[in-house]
Amino acid sequence: MGNPNAFKQIMALHKTSFKNCFSIMLMYQNQAEKLIQTLVNCIPEINDDSKKIISQWGDVYKQGFENLRKAVDDGYARIEEFFNKNAISMFHDQTEKMFSAFFNQTNWMPDDLRKTVDELTDIHKKSCENFSKQVDESIRCMENFKPAEKGLKTDTKKKKLTP
């Protein structure tokens, strides 16, 4: 590919998106917990045991949320380690060597099979080149993307229609 860091950039974008989504979910969870706590405190019929159970539910939910965050962070760390070890390029090189060794022995293949293998090889190369171009184009688009300005206000007032 034209840019060897393309996958790293894509993963960094995905990681940032996940963190933003996760923080929004956490905010909603905290707001829901505050709402439930307010409701529980306003209802005198709820005894202390019930309040304790409701509190435990919140704690279990928070623990599950934390476990999810740790699992995702661990997954991102593994992916980063994978990319840092250049495993993809090693895999690509090994695959290319294996296919080259196989294709160099085409003298024993029937002509129609050899022709089919050559056509498949050409299709594969063209597909890899097209994929590389698409990734490079996506990266260029991401680099040119300008985030919205903070504090951007929209006019929400209704305008009067004049005939």
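The values are calculated or read from the model by the stated rules, or taken from the named source; none is laboratory data. These numbers were taken from a predicted model, which means no experiment stands behind them. Heads up, the Cβs are rebuilt from the backbone with ideal geometry, glycines too, and the neighbour counts pull from every protein chain shown.
Taking interchain pairs and intrachain pairs at least six residues apart, which have beta carbon atoms under 6 angstrom, with the first residue in region 14-28 and in a helix (DSSP H, G or I) and the second surrounded by 10 or more Cβ atoms within 10 Å (Cβ to Cβ) and not charged (D, E, K, R)?
That search, which allows pairs on different chains as well, returns LYS15/TYR76.
In region 89-139, what count of residues is obtained for those that are surrounded by 11 or more Cβ atoms within 10 Å (Cβ to Cβ), within 26 Å of ALA6 (Cα to Cα), at pLDDT 75 or above and of a type in the set (Ser, Thr, Tyr)?
Adding up the residues that qualify gives 3.
For region 56-79, enumerate the residues that are of a type in the set (Gly, Ala, Ser) and exposed (fewer than 14 other Cβ atoms within 10 Å of the Cβ).
Scanning region 56-79 gives GLY64, ALA71, GLY75, ALA77.
Name the pairs whose Cβ atoms lie under 8 Å apart, with the first residue in region 34-48 and within 21 Å of TYR61 (Cα to Cα) and without any contact (Cβ under 8 Å) to a residue 24 or more places away in the chain, the second surrounded by 10 or more Cβ atoms within 10 Å (Cβ to Cβ) and of a type in the set (S, T, N, Q), and 6 or more positions between them or separate chains?
From residues that are within 21 Å of TYR61 (Cα to Cα) and without any contact (Cβ under 8 Å) to a residue 24 or more places away in the chain, the pairs are VAL40/SER50.
As an exercise: evaluate LYS15 against (1) at pLDDT 85 or above; (2) within 28 Å of the chain's Cα centre (by Cα); (3) over 18 Å from ASN84 (Cβ atoms) and give the number of the one condition it does not meet.
Tallying (1) at pLDDT 85 or above; (2) within 28 Å of the chain's Cα centre (by Cα); (3) over 18 Å from ASN84 (Cβ atoms), LYS15 fails exactly one: (3).
Quick check on my filter: what residues within region 33-55 are surrounded by 12 or more Cβ atoms within 10 Å (Cβ to Cβ) and of a type in the set (Asp, Glu)?
Once the filter is applied, which keeps residues that are surrounded by 12 or more Cβ atoms within 10 Å (Cβ to Cβ) and of a type in the set (Asp, Glu), region 33-55 yields only GLU33.
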